[in-house]
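Worksheet: the structure to be examined is printed underneath.
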Amino acid sequence: MLKCACLCVHQSLMVAKAKDELEQELVDKEAEKDRYLAEKAPPLQTSGMSFAELQELCQELHAKIDVVDEERYDIEAKVLHNTREIKDLNIKVLDLRGKFKRPTLRRVRVSADAILRSLLGSKHKVSMDLRANLKSVKKEDTEKEKTVEVSDWRKNVEAMSGMEGRKKMFDAAQ
C-alpha cells in the first residue's frame, strides 16, 4: 500500500514537472518568435511621410516580398526534387531485393537419432526408437474385418423392410 502511494506521488510530481517544462517551452517559443519578427520586420513609421515616400516604401516592401517568394519557390523545388530522388532510390532498392530469388526449400527426412545427435553432439549415445513404443496390430485381424459376407442386396432390403426388419436390425446391433 505504501509503495502504491509513493508511486502515485512520484507520478504526480513527474506530471507537474512535465507541465511546467511544457509551459516554459511555449513561453520560450513565443519570445523567440517575437525576437525574430522584431529583427526581420521592424515596425513601420508611416506618420509624417509624404505620398511619394509611402509609394517608395511600398515598392521596397514588394521587392522584399518578391525575394522571399523566390527563395521559398527554390526551396520547394529542392524539396520536391529530393523527395522524387528518395522515391526512385526506394524503388531501386525494392527492385534489387526482388532480383535475388530465394531457393525453394525442400523437405529433408532426418531420423530422430540424427536430430538428437546434431543437438546433443556425437559424445552422447542417446537412441530414440519411436517404433518400439508403437502398438503392434496383427494383419490377420484387419483382413477378417474386411471379408464381410457380400450377398444380394435385394434380399437384404426385402428382409429388412417393415417392422420386423427394424426389429432384426435393433437386435443385431445389441
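The values are calculated or read from the model by the stated rules, or taken from the named source; none is laboratory data. Predicted model only: the values in this text are computed from it and were never measured. Note that we place each Cβ from the backbone using ideal geometry, even for glycine, and neighbour counts take in every protein chain shown. For the accessible areas, the whole protein counts, side chains as well, though only heavy atoms, and no ligand, DNA or RNA atoms are used. Shrake-Rupley method; radii C 1.70, N 1.55, O 1.52, S 1.80 Å.
Rolling a 1.4 angstrom probe over segment 28-76 with all protein chains present gives an accessible area of which 58% lies on carbon and sulfur atoms. For segment 1-86, the dipole from Cβ point charges (+1 on Lys and Arg, -1 on Asp and Glu) about the Cα centre works out to 680 debye, to the nearest 20. Rolling a 1.4 Å probe over the heavy atoms of the protein chains gives segment 65-112 an accessible area of 112 Å² per residue.
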